[in-house]
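Worksheet: one structure, shown below.
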Amino acid sequence: MEVIVAKSAGFCFGVKRAVDTVYQQIRQADGIPIYTYGPIIHNEEVVRDLEEKGVSVLSGEEDILAAASAGQEPGTVIIRSHGISRRIQSLLKEHGFRIVDATCPFVKKIHRIVDEQSQKGCAVVIVGNASHPEVEGIVGWCNTPAAVVEKEEDLEALPDFSGRKVCIVSQTTFNYKKFKDLVEKIQKKGYDITVLNTICNATQERQVEAKQISAQVDGMLVIGGKHSSNTQKLYEICKKECNNTHFIQTTDDLDPAWFGSSDRVGITAGASTPNNIIEEVQTDVRLKF
């Protein structure tokens, strides 16, 4: 059996930087508590390893207040690649936490864009998943209420922007084709629109390569955390090209029945998947099928 592994599979620059930052802080901790704001990445294996090394996860304002009143030095909070809102940043500073900002530079750029554009009076539309932490952070840097759209039905709930300039940005991991389709539908409303494609290049490259590989194989594996937005989008892209596509987190999820008669199997992985897991899956596929 031939196994094709996507060259773009695995950690992107922003995720690798964030994970490396946490391990660096662990080495320098010297007894000071270390936290991440939210899981550093959507990968249970990595998060479990960090927990074993004493890193705690702050999941919201209540956790921040509880950690601040724990009767010890507030400690260090590492901001994951998704970024945080201005309110959360202010709250951490107010309670004396040392902030180590590992926000992806591409996400930081979106924060600056929506901050500046909303200050100028522009309405901000974010194309993405409203409940995703990256989008929640972006919304938190807007100076006026922002609208979030993820699918065509969401366009019906958009306010009337007549007479206002509109700035459209995207979640960095959003599907480019869906972004383009939604933008075209908003443009038909005749508003004065500035469109800024803020989808990360690494995301686009990973999606394009996943589409190409899945179109030429008998079976496809997409590896990533079950809560990973970018991995879910990879799965959707691959599934359209190859019906025999499966979403797994580790080798434990592999089913020998999937590729019994397959000559070629493709493998890709989301931005939060460590290389060692990709290599383990590749080895298992060669041995089991």
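Karplus-based coupling profile of region 35-44, in residue order and whole Hz: 10, 10, 8, x, x, 4, 8, 7, 9, 5, with θ = phi - 60° in 6.51 cos²θ - 1.76 cosθ + 1.60 and x standing for Gly or Pro.
For region 210-221, putting each phi into the Karplus relation 6.51 cos²θ - 1.76 cosθ + 1.60 with θ = phi - 60° gives couplings of 4, 5, 5, 5, 5, 6, 10, 10, 8, x, 9, 10 Hz, in residue order, rounded to whole numbers and with x for Gly and Pro. Shown is the FRET efficiency for Glu153 and Ala215, computed with R0 = 30 Å from the Cβ-Cβ distance and rounded to the nearest 0.05: 0.55. Averaged over residues, the count of other Cβ atoms within 10 Å places the peptides 94-100, 60-66, 80-86 in the sequence 80-86, 94-100, 60-66, highest first. Entry comment: accessible area of the chain is 48 Å² per residue, from protein heavy atoms only and a probe of 1.4 Å. Of the solvent-accessible surface of region 35-173, computed with a 1.4 Å probe and all protein chains present, 46% belongs to carbon and sulfur.
In the structure displayed, which of Lys177/Lys211; Lys16/Lys109; Lys108/Lys151; Lys178/Lys239 lie more than 20 Å apart, Cα to Cα? Provide the component values of the computation, followed by the final result.
Numbers: Lys177/Lys211 12 Å; Lys16/Lys109 18 Å; Lys108/Lys151 24 Å; Lys178/Lys239 16 Å.
Checking Cα-Cα distances, Lys108/Lys151 exceed 20 Å.
A DSSP coil position with no more than 11 other Cβ atoms inside 10 Å describes the following trypsin sites (Lys or Arg not before Pro) in region 165-243: Lys188.
Residue order by solvent-accessible surface for Tyr37, Tyr176, Tyr23 is Tyr176, Tyr23, Tyr37, largest first, with ligands and nucleic acids left out and a 1.4 Å probe. In terms of modelled amide H atoms, which long-range or inter-chain residues lie less than 5 Å from the amide H of Thr36? Amide H neighbours of Thr36: Ser56, Val57, Leu58, Ile78.
Spatial offset of region 136-193 relative to region 69-108 amounts to 28 Å, using the alpha carbon center of each.
Backbone geometry of region 122-131 corresponds, through the Karplus equation with coefficients 6.51, -1.76 and 1.60 at θ = phi - 60°, to 3J(HN,Hα) couplings of 6, 7, 10, 10, 10, 8, x, 8, 4, 8 Hz, x marking Gly and Pro.
Want the number for Asp284 to Glu73: 0.36 nm per residue separation, take away the alpha-carbon distance, what's left? Kindly include the intermediate steps, with their values, before the conclusion.
Values: separation 211, 0.36 × 211 = 75.96 nm, distance 4.58 nm.
Taking Asp284 through Glu73 to full extension adds about 71.4 nm, to one decimal.
A cut-off of 5 Å between modelled amide H atoms, ignoring neighbours fewer than 5 places along the same chain, links Lys165 with Ala123.
The values are calculated or read from the model by the stated rules, or taken from the named source; none is laboratory data. Please read these numbers as outputs of a predicted model, since none were measured by experiment. Here Cβ is always computed from backbone atoms with ideal geometry, including for glycine, and neighbour counts include all displayed protein chains. SASA here: full protein model, heavy atoms, side chains in, ligands and nucleic acids out. Shrake-Rupley method; radii C 1.70, N 1.55, O 1.52, S 1.80 Å.
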